[in-house]
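Enquirer: Okay, here's the structure, questions in a sec.
The values are calculated or read from the model by the stated rules, or taken from the named source; none is laboratory data. Computed from a prediction, not measured in an experiment: that's the story for all the values here. Positions of Cβ are backbone-derived with ideal geometry, glycine not excepted, and every protein chain shown enters the neighbour counts.
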Amino acid sequence: MSVPEKKLWAAWSRFLNGLVGALLIGFLVPILVVVAVSFQSKSYLSFPPTEFSLRWYQQFIGNDDYRSAILNSMLIGASAAALATIAGISTALAVVRAKVPGSTIVSALSVAPAILPQIVLAIGLFPISVWLGLQGTLWAVILAHAVIGLPFPFITVCGALASYSNRIEIASMTLGANSFQTFRLITFPMIRPAVIAGFIFAFAASLDELVLALFLSSPSTRTLPLLLWEQLNFQVTPEIAAAATVILAVTSLLILAATLLPRLGKDN
Amino acid sequence: MKHRSFLLYLPITLLLTPFFLAPMAVIGTQSFSGQQGIAAEYAKVVTDQGIRTVLYNTFYVAAMVTIFSLLIGYPIAYVLARLRGRWATVGIFLIFLPFWASTVIRSFAWMILLGRKGPVNSILVGIGFIEDPIRFIDNGLGLMIAMTYIMVPFIVVPILNGLRTIDPNLSRAAAVLGANPLRQFLAVTLPLSLPNVAVGCTIVFVTSLGFFVTPSLLGGDLTVVSMLISEQANRLLDWPLASALAIIVLLLTIVIFALLRFSQLASRRTGKAQAGVFA
């Protein structure tokens, strides 16, 4: 290659890097706009905000609808993630360790809820939830969210189990531990980071889910995304932006914990 | 021993049988239980002009979002794949930060950004690019922008994984043989990354088919199939039609993923055959 041609390609490479850098930073803009709008004083959405104010946060804190929706979302998220994690761990053990027959189809079914459009599940779950007398209770949403949360702990725990040899488990069994003792003393400590990560991802999936909540909840079991959704369809005020900012902050902390905890575990 | 290990399937059976498999069976039966006959709902889907338009819109939006996501996601993955150490982590972190914001919130962000008096219109009018504000929300463009924004991380991750497994010596060999960077890319990197491009595109396309929140908020007059299903079930109480539409979406999802799997297996087989020739 001649020297000017080389320079041209180097320039192109720098241009590409710059473009991607700009794109990545641009990805943050919509989020930052929501945060900025939440601190404005006007009662309609204007950008850029002219005057700094916390009035929408005050209104958000004083709003009982938000308080009960946050409580519902936390309760549903934690319960659904717990159920999903238990099912995920035990299925991953069956598929990766015990090699129980039927593992191919069970794996496919465990991942399917992540791919299936939620509206399809919602349409099918509604009659069942009515029939079981769960409609309008927290359980209807918890069980639905446990299904859509299942793929996360299943995938993370499968990954953790595949990453180390089962020889230590066999050693534990040889030394006289039964399978429950082996799980509690050997397997669980090995997969704990993956379990925590899977739990948090399932929790976050529940926190974000709207369609199933739309079909399965009643006004008293309304979740946070559902309340935001109703408000957006009713009247758009900066209070929604304030609520969104608080949710963003909480979710970011959760995700940070999910990514950092496994690393801390490794150091110990 | 072997019998007891089946007990490990107990939790997932208790969870998925009533709350995943039974719902699928319910929509299956409901879709055939319309009052006008067994296959009446499916006939309606094929003949009704309105429903056909909705299905067309859904495919059109999903296809456009897939193309946009690929055009934006490939360069991002390409640059991230060549980064090492801390910068690679920062790049992946930046890509995933908005990914964890709720879909409702991200759609809301684009409602602000693309509004008639929003920042995008102000900037475009300000620099004299357009005279009147663009009505992003009415023409489907705003919907596609917001959905692309949401879907890009889904396509970056598989392509990035694919690019990272390509042996850098292959490009070096091409360079030694006189290929300029463009030819190195076209002849080596691009073809080797295509299987992962296919995975990313499939994930984006299928996910886009099922979108509900973003089209409802940003679609304007444009209706997609999820909105139609919800409307039929909630407002018009036409559960058989809603179920038939849901079954169609379900089957489409399965068929598209089966096609992907099939093409993966087929290419692996030809890959092995080629490797056999070289051996």
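Enquirer: If you scan region A:208-263, which residues turn out to be among the charged types (D, E, K, R), within 25 Å of B:Gly118 (Cβ to Cβ) and over 17 Å from the mean Cα position of the chain (by Cα)?
Expert: A:Glu230, A:Glu239
Enquirer: Taking A:Cys158 and the conditions (1) within 12 Å of chain B (Cβ to nearest Cβ); (2) in a helix (DSSP H, G or I), which numbered condition does it fall short on, given that it satisfies the others?
Expert: In the conditions (1) within 12 Å of chain B (Cβ to nearest Cβ); (2) in a helix (DSSP H, G or I), A:Cys158 misses (1) alone.
Enquirer: Read through the list (1) in contact (Cβ under 8 Å) with a residue 24 or more places away in the chain; (2) within 9 Å of chain A (Cβ to nearest Cβ), then give the number of the only condition that B:Thr214 fails.
Expert: Failed condition: (2).
Enquirer: Would you point out which residue out of B:Leu245, B:Leu241, B:Leu260 is surrounded by fewer than 21 Cβ atoms within 10 Å (Cβ to Cβ), touching a residue at least 60 places away in the same chain (Cβ under 8 Å) and outside any loop (DSSP other than H, G, I, E, B)? Step through it out loud before you land on a result.
Expert: Working: B:Leu245 fails: surrounded by fewer than 21 Cβ atoms within 10 Å (Cβ to Cβ); B:Leu241 fails: surrounded by fewer than 21 Cβ atoms within 10 Å (Cβ to Cβ).
After ruling out the rest, the residue left standing is B:Leu260.
Enquirer: Could you name every one of the helices (runs of 4 or more DSSP H) located completely within region A:19-96 that has at least 1 residues being touching a helix residue (DSSP H, G or I) at 6+ places or on another chain (Cβ under 7 Å) and acidic (Asp, Glu)? Reasoning before the result, please.
Expert: On the way: elements: A:29-38, A:55-62, A:64-92.
It comes to A:64-92.
Enquirer: Which pairs have Cβ atoms under 8 Å, sit 6 or more apart or on different chains, and link a residue in region A:86-104 that is more than 7 Å from chain B (Cβ to nearest Cβ) to one that is surrounded by fewer than 17 Cβ atoms within 10 Å (Cβ to Cβ) and aliphatic (A, V, I, L, M)?
Expert: Once the first residue is more than 7 Å from chain B (Cβ to nearest Cβ) and sits in region A:86-104, its partners that are surrounded by fewer than 17 Cβ atoms within 10 Å (Cβ to Cβ) and aliphatic (A, V, I, L, M) give A:Val96/A:Ala162.
Enquirer: Any idea which residue in region A:113-140 is surrounded by the fewest Cβ atoms within 10 Å (Cβ to Cβ), counting only those that are within 11 Å of chain B (Cβ to nearest Cβ) and within 16 Å of A:Ser79 (Cα to Cα)?
Expert: Per the criteria, the residue is A:Trp139.
Enquirer: Give region B:125-167 a look and list any residue that's surrounded by 15 or more Cβ atoms within 10 Å (Cβ to Cβ) and without any contact (Cβ under 8 Å) to a residue 12 or more places away in the chain, or say none.
Expert: B:Val125, B:Leu141
Enquirer: Moving to a separate point now. Answer with yes or no whether A:Leu232 is surrounded by fewer than 21 Cβ atoms within 10 Å (Cβ to Cβ), among the hydrophobic types (A, V, I, L, M, F, W, C) and away from chain B (no Cβ under 11 Å).
Expert: Answer is no for this residue.
Enquirer: What helices (runs of 4 or more DSSP H), lying completely within region B:65-148, carry at least 2 residues that are at pLDDT below 90 and farther than 30 Å from B:Asn196 by Cβ?
Expert: B:103-113, B:119-126
Enquirer: Going through region A:171-190 one residue at a time, which ones are part of a helix (DSSP H, G or I) and either among the aromatic types (Phe, Trp, Tyr) or within 14 Å of another protein chain (Cβ to nearest Cβ) (or both)? Before the answer, list the steps.
Expert: Kept after step one, since they are part of a helix (DSSP H, G or I), are these residues of region A:171-190: A:171-174, A:179-190.
Answer for region A:171-190, where residues must be part of a helix (DSSP H, G or I) and either among the aromatic types (Phe, Trp, Tyr) or within 14 Å of another protein chain (Cβ to nearest Cβ) (or both): A:Met173, A:Ser179, A:Phe180, A:Thr182, A:Phe183, A:Thr187, A:Phe188.
Enquirer: Also, quick follow-up: Which one of these is more than 12 Å from chain B (Cβ to nearest Cβ) and among the hydroxyl-bearing types (Ser, Thr, Tyr): A:Ser73, A:Ser41?
Expert: Only one candidate passes the filter, namely A:Ser41.
Enquirer: Within region A:218-226, is even one residue more than 23 Å from A:Ile86 (Cβ to Cβ) and in contact with a Gly (Cβ under 8 Å, 6 or more places away or on another chain)? Steps first, answer last, please.
Expert: Restricting attention to region A:218-226, the residues satisfying the condition of being more than 23 Å from A:Ile86 (Cβ to Cβ) are A:218-220, A:222, A:224-226.
Checking the rest, the ones that are also in contact with a Gly (Cβ under 8 Å, 6 or more places away or on another chain) come to A:218, A:220.
Yes - at least one qualifying residue is present in region A:218-226.
Enquirer: Restricting to region A:161-170, count the residues that are part of a helix (DSSP H, G or I) and of a type in the set (Gly, Ala, Ser).
Expert: Number satisfying all stated conditions: 1.
Enquirer: Please work out which residue is nearest to A:Phe126 (Cα to Cα), limiting yourself to region B:1-45 and to residues that are more than 14 Å from chain A (Cβ to nearest Cβ) and exposed (fewer than 12 other Cβ atoms within 10 Å of the Cβ).
Expert: B:Gln35
Enquirer: Can you name the residue in region A:97-132 that is over 22 Å from the mean Cα position of the chain (by Cα), of a type outside the set (D, E, K, R) and not in a helix (DSSP H, G or I) and, of all such residues, is farthest from A:Met190 (Cα to Cα)?
Expert: A:Leu132
Enquirer: Looking at region A:164-179, I want the residues that are of a type in the set (A, V, I, L, M, F, W, C) and have a partner that is part of a helix (DSSP H, G or I) with Cβ atoms under 7 Å, at least 6 apart or on another chain. Which pairs are those?
Expert: What qualifies is A:Ile168/A:Ile186; A:Met173/A:Thr182; A:Ala177/A:Leu185.
Enquirer: Being under 21 Å from B:Gly140 (Cβ atoms) and of a type in the set (S, T, N, Q) is the filter; apply it to region B:46-77 and report the residue that is surrounded by the fewest Cβ atoms within 10 Å (Cβ to Cβ).
Expert: B:Gln49
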